[in-house]
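The values are calculated or read from the model by the stated rules, or taken from the named source; none is laboratory data. This is a predicted model, so every value here is computed, not measured. Glycine gets a Cβ as well: all are built from the backbone with ideal geometry, and neighbour counts include every protein chain shown. SASA here: full protein model, heavy atoms, side chains in, ligands and nucleic acids out. Shrake-Rupley method; radii C 1.70, N 1.55, O 1.52, S 1.80 Å.
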Protein chains: 2
Amino acid sequence: MINEHYTHEAVILANGEYPVHPLPLQVLADAKYVVCCDGAANEYISRGHTPDIIIGDGDSLLPEYKKRFSSIIHQIPDQETNDQTKAVHYLQSKGIRKIAIVGATGKREDHTLGNISLLMEYMRSGMEVRMITDYGIFIPAQDTQTFASHPGQQVSIINFGAKGLKGKGLVYPLSDFTNWWQGTLNEAIAEEFSIYCTGEYLVFLVISDYL
Amino acid sequence: MINEHYTHEAVILANGEYPVHPLPLQVLADAKYVVCCDGAANEYISRGHTPDIIIGDGDSLLPEYKKRFSSIIHQIPDQETNDQTKAVHYLQSKGIRKIAIVGATGKREDHTLGNISLLMEYMRSGMEVRMITDYGIFIPAQDTQTFASHPGQQVSIINFGAKGLKGKGLVYPLSDFTNWWQGTLNEAIAEEFSIYCTGEYLVFLVISDYL
């Protein structure tokens, strides 16, 4: 199963809203290696933590932090990508493949859309990436896969061009969705469900309010 | 210009986070007709307002409100759509074509994606819909269009299958984007910009922090 025995080697704290749900907060607390995207470092540091590295030009950092953490600020000049992607590329260059991204949603909706859709690019480049929000877990996937779930867990599937989409273990049938909303609000029946198809798609597993 | 002299006839308050930015709050305050999606009515009412109609089964309403406003709760049985779409269909059945949607983003990301992508469906059915968030305005569009902007305004374009995409009055060139992030983080040069293409796309105009 694609999401069983998955352990990330590093965590990226992105530039969206700081997590509040216990799951992404725990992921951040347990992280062996934390990359902060520029301004995200402010709250992380103010909560008493020290990032392993800060990606960005440091312009969104509080002047005090910019000075104090200057040795771990890593600037990557590239107009074509955002800080989240720079952080992924940085980890990739260090041989790290399994990454959890937290704090990537909840502010500007175009940034949210961008950050979510970039998960597909990271998968294409060989990374195993999960985005963990206050509401659920995004898993980019391709071709037929089986996912661990729990009975009644809400599941959304966003199609990125996959063909022959069929589901097993889900309440509502799947088809070759062409608009994002069409695969939302499905539900797992039991401890696992499978998606059969050829091509790429994104799974969103809703996490419960209390862990 | 597609967004000039646009006046909505009704406002839908959707089930996401209640708006905090002055622009969506003003749109709500000035509305001639307000449709609340189920649970969204709770905060609207608690702030001293009265919706014209509440769409949904009323199950998310506070018991006190469910009783007090029972005469304006309008239940539309349809498993295939969400409350936002039911609200749009309701207005459409009353001959209303120009609608602003507020409060549609900011909670579950799959709901946010769903609600945003549904704008394309509403456009296809002949509606003129704008979604106004705390960060910007989503405008569904098709074929060549000109948009009012201000110099330096950030603009994102999400392609929904349009071909031959070219821009005028934008800092970065457009192309036939295949992933959502590719058209994000562009910028208007002056008081208007144009998008040339055949097909459908979504424009996000970032609003400034202070009006």
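Could you tell me what percent of the accessible area of chain B is made up of carbon and sulfur, with a 1.4 Å probe and every protein chain present?
Carbon and sulfur atoms account for 50 percent of the accessible area of chain B.
When the accessible area of each residue in the stretch A:164-211 is compared between its chain alone and the complete protein assembly (1.4 Å probe; ligands, DNA and RNA ignored), which residues differ by at least 20 Å², being lower in the assembly?
At a threshold of 20 Å² (probe 1.4 Å), the residues of the stretch A:164-211 that become less exposed are A:Y172, A:N179, A:W180, A:W181, A:T184, A:L185, A:F204, A:V206.
Simple spin-label model, 7 Å along Cα-to-Cβ: A:I189 to A:M1 in nm?
Label-label distance for A:I189 and A:M1, simple model: 1.6 nm.
Could you give me the ³J(HN,Hα) list for the stretch B:87-104, computed from phi with Karplus coefficients 6.51, -1.76, 1.60 and θ = phi - 60°, whole Hz, x at Gly and Pro?
Result, rounded to whole Hz: 5, 5, 4, 4, 5, 4, 5, 8, x, 8, 10, 9, 10, 10, 10, 10, x, 9.
Dividing the convex hull volume of the alpha carbon atoms of the stretch B:140-206 by its residue count, what do you get in Å³ per residue?
63 Å³
With every protein chain in place, what's the accessible area of B:R68 (1.4 Å probe, Å², nearest 10)?
About 150 Å², ignoring ligands and nucleic acids.
For A:K86, give me every one of the lysines with a C-alpha distance below 30 angstrom, ignoring sequence neighbours fewer than eight places off in its own chain.
A:K32, A:K66, A:K67, A:K94, A:K98, A:K107, B:K107, B:K163, B:K166, B:K168
Could you identify which residue out of A:D30, A:D83, A:D134 has the top mean-square fluctuation in a GNM of chain A using Cα springs shorter than 10 Å?
Its mean-square fluctuation being the largest, the pick is A:D30.
For the full complex of protein chains and a 1.4 angstrom probe, list B:T7, A:T178, A:T184 by accessible area with the highest value first.
These residues rank, largest area first, as A:T178, B:T7, A:T184.
Where does chain A land at 222 nm, in deg cm²/dmol rounded to the nearest 500, when only DSSP H runs of n ≥ 4 count, each adding -39500 (n - 2.57), divided by all residues?
Computed mean residue ellipticity for chain A: -7000 deg cm²/dmol.
Pairs of Cα atoms under 8 Å, at least six residues apart: use those to get the relative contact order of the stretch A:96-211, whole percent.
30 percent
If I take every Cα pair under 8 Å that is 6 or more residues apart in the stretch B:140-206, average their sequence separation and divide by the length, what percent do I get for the relative contact order?
53 percent
Using only the alpha carbons, work out the radius of gyration and Dmax of chain B in angstrom.
According to the Cα coordinates of chain B, Rg and Dmax are 17.5, 55 Å.
If you take the square roots of the eigenvalues of the alpha-carbon gyration tensor of the stretch B:10-134 and sort them as a ≥ b ≥ c, do you get rounded (a/c under 1.5), prolate (a/b over b/c) or oblate?
The shape class here is rounded.
For the stretch A:150-211, which trypsin sites (Lys or Arg not before Pro) pass both filters: DSSP loop (anything but H, G, I, E, B) and at most 14 other C-beta atoms within 10 Å?
Passing both the DSSP loop test and the Cβ count: no residue.
Between exposed GluC sites (Glu not before Pro) in chain B, where DSSP calls loop and at most 13 other Cβ atoms lie within 10 Å, what's the longest gap?
B:81-190
May I ask you to evaluate 6.51 cos²θ - 1.76 cosθ + 1.60, the Karplus curve with θ = phi - 60°, for each residue of the stretch A:167-179 and list the ³J(HN,Hα) values in order in whole Hz, giving x for glycine and proline?
Each residue's phi maps through the Karplus curve to give x, 9, x, 10, 5, 9, x, 9, 8, 6, 3, 10, 10 Hz.
Given Cα positions, please report Rg to Rh for the protein assembly as shown, the hydrodynamic radius being the Kirkwood one.
Rg/Rh for the protein assembly as shown comes to 0.96.
How far apart, in nm, are two points set 7 Å out from the Cα along the Cα-to-Cβ line at B:Y33 and at B:A148?
Result: 2.4 nm between the two label points.
DSSP loop (so not H, G, I, E, B), at most 15 other Cβ within 10 Å: list which chymotrypsin sites (Phe, Trp or Tyr not before Pro) in the stretch B:1-93 pass both filters.
In loop regions of the stretch B:1-93 (DSSP not H, G, I, E or B), the sparsely surrounded chymotrypsin sites (Phe, Trp or Tyr not before Pro) are B:Y6.
Please state the relative contact order of chain B as a whole percent: Cα pairs under 8 Å, 6+ residues apart?
21 percent
Taking one equal scatterer on every alpha-carbon of the stretch A:32-100, how large is log10 of I(q)/I(0) by Debye at q = 0.16, 0.19, 0.23, 0.24 1/Å?
Taking Cα atoms of the stretch A:32-100 as identical point scatterers yields -0.50, -0.70, -1.00, -1.07.
Counting only residues 5 or more places away or on other chains, whose amide H sits under 5 Å from the amide H of B:A162 once H atoms are built in the peptide plane?
B:E200
Can you work out the accessible area per residue across the stretch B:4-133, with the rest of the protein chains kept in place, probe 1.4 Å, in square angstrom?
Counting only protein heavy atoms, the per-residue value for the stretch B:4-133 is 44 Å².
Return the whole-Å distance between the Cα centroid of the stretch B:1-69 and the Cα centroid of the stretch A:81-122.
If you average the Cα positions of each part, the centres end up 34 Å apart.
May I ask you to compute the full-extension gain from B:Y172 to B:S71, defined as 0.36 nm times their residue separation minus their alpha-carbon distance, rounded to one decimal in nm?
Contour length minus Cα-Cα distance gives 31.2 nm.
Taking H as built 1.01 Å from N, whose amide H comes closer than 5 Å to the amide H of A:I73, not counting residues under 5 places away?
Amide H to amide H, under 5 Å and 5 or more residues apart or across chains, A:I73 pairs with A:I54.
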